[in-house]
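Mind having a look at this structure? Questions to follow.
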Amino acid sequence: MSSFKLARELGIPGIELDVHLTSDGKLAVFHDHRAKRVAGSDLEIERSTWKDIAALDVGSWKGPKWKGEKVIELHALFEEFGDAFYYDVELKSNVASDYGLEAAVAACLRDAFSSKGSLAGRILVSSFNPMALGRFKYLAPAIPTAIIWSSTAEIPAYLRHGEGRWIGKVDVLKPESSKVKRFSSFRWRKFGRYPILPWTVDEAAEATRLLALGCEGVISNQPQELGILKAGS
């Protein structure tokens, strides 16, 4: 929560976050599948209850100032920030089977829209997993979706060039920034009519290059350092 509050203070227009479905059906905002890196625990998010996850200290690794920082649920994020941001919600799923993640996220977003109507049009749901995106699109066809990809060995070879956009029937492309070249950008935008949101862009020169190629925006760990924010953006 501290990082999102800082983004609000800095005037960052949008946030990207990952969500997992816990074993008891809660939506945990957390990047890794396991808590080892930031909490020193071997706990696996999808196989754990919310009670166990909520007990984790996920701030001390960063420094004493963040000691006691807790994992939050997705609905708490919308309750805190409302229409302060655009939200890129990544479905964190590495299996093809349906275990309820997409339905839980769709339900959470419906609840957020009903209580905070201004959230409509401010949500993007993304994933490396095209099967998850396809299921979500079936459940919530009005919410735009995005396929994420890179050349990492963790991604099957047949998905390393954005092929998941056809499987998941997505609306937006989120390639690793090195994948975005003049020709690829033109082809995706002109013939596919896809907005492009590359990641992870932490250098101002790279952000400038990508925006000049027509990218919709960039995803960054250091957005306040890019020098591209405008008043009121």
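Do the sum for the chain: with -39,500 (n - 2.57) for every DSSP H run of n ≥ 4, divided by all residues, what is the mean residue ellipticity at 222 nm, to the nearest 500 deg cm²/dmol?
Roughly -8500 deg cm²/dmol at 222 nm, from the helical runs in the chain.
Just the Kirkwood number for segment 103-185, please: inverse of mean 1/r across all distinct Cα pairs, in Å, one decimal.
Result for segment 103-185 stands at 13.6 Å.
Filter the GluC sites (Glu not before Pro) in segment 110-190 to those in DSSP coil with at most 12 other Cβ atoms within 10 Å of their Cβ, and list the result.
Passing both the DSSP loop test and the Cβ count: 154.
Report the chymotrypsin sites (Phe, Trp or Tyr not before Pro) located in segment 64-146 that are in a DSSP loop and have at most 15 other Cβ atoms inside 10 Å of their Cβ, or state none.
99
Something else about it: Stokes-Einstein at 4 °C, 1.567 mPa s, Kirkwood radius from Cα pairs: D for segment 29-178 in µm² s⁻¹?
Here the translational diffusion coefficient equals 78 µm²/s.
Does anything in segment 20-43 have its amide N under 18 Å from the 7 Å Cα→Cβ label point of residue 6, and if so which residues?
Residues passing the 18 Å test: 30-32, 38-39.
For segment 2-126, what does the relative contact order come out to in percent, with C-alpha contacts under 8 Å and a separation of six or more?
About 27 percent, as a whole number.
Please get the size of the charge dipole for segment 127-193, origin at its Cα centre, with Cβ charges of +1 on Lys and Arg and -1 on Asp and Glu, quoted in debye to the nearest 20.
Values: 13 positive and 4 negative charges, 78 e Å.
That gives segment 127-193 a dipole magnitude of about 380 debye.
Can you list which of the trypsin sites (Lys or Arg not before Pro) found in segment 33-86 are DSSP loop residues with at most 10 other C-beta atoms within 10 Å?
Details: sites: 34, 36, 37, 47, 51, 62, 65, 67, 70; in loops: 62, 67, 70.
The qualifying sites: there are none.
Additional query: Whole Å is fine, so just give me how far the alpha carbon centre of segment 156-192 lies from that of segment 62-118.
25 Å
How high is the relative contact order of the chain? Use alpha-carbon pairs under 8 Å, at least six apart in sequence, and give a whole percent.
RCO, the chain: 13 percent.
Right, something else. When a footprinting reagent is the concern and you count Cβ atoms within 10 Å, what order do 185, 97, 118 take, fewest first? Write down the numbers at each step before the final one.
On the way: 185 21, 97 7, 118 10.
Ascending number of Cβ neighbours within 10 Å: 97, 118, 185.
So if each residue of separation counts as 0.36 nm, and I subtract the Cα-Cα distance between residue 138 and residue 42, what length gain in nm does that give?
31.1 nm
Values in this text are rule-based calculations from the coordinates and carry no lab data. Fair warning: this is a prediction, and the values are worked out from it, not measured in the lab. Every residue, glycine among them, receives a Cβ derived from its backbone with ideal geometry; neighbour counts consider all protein chains shown.
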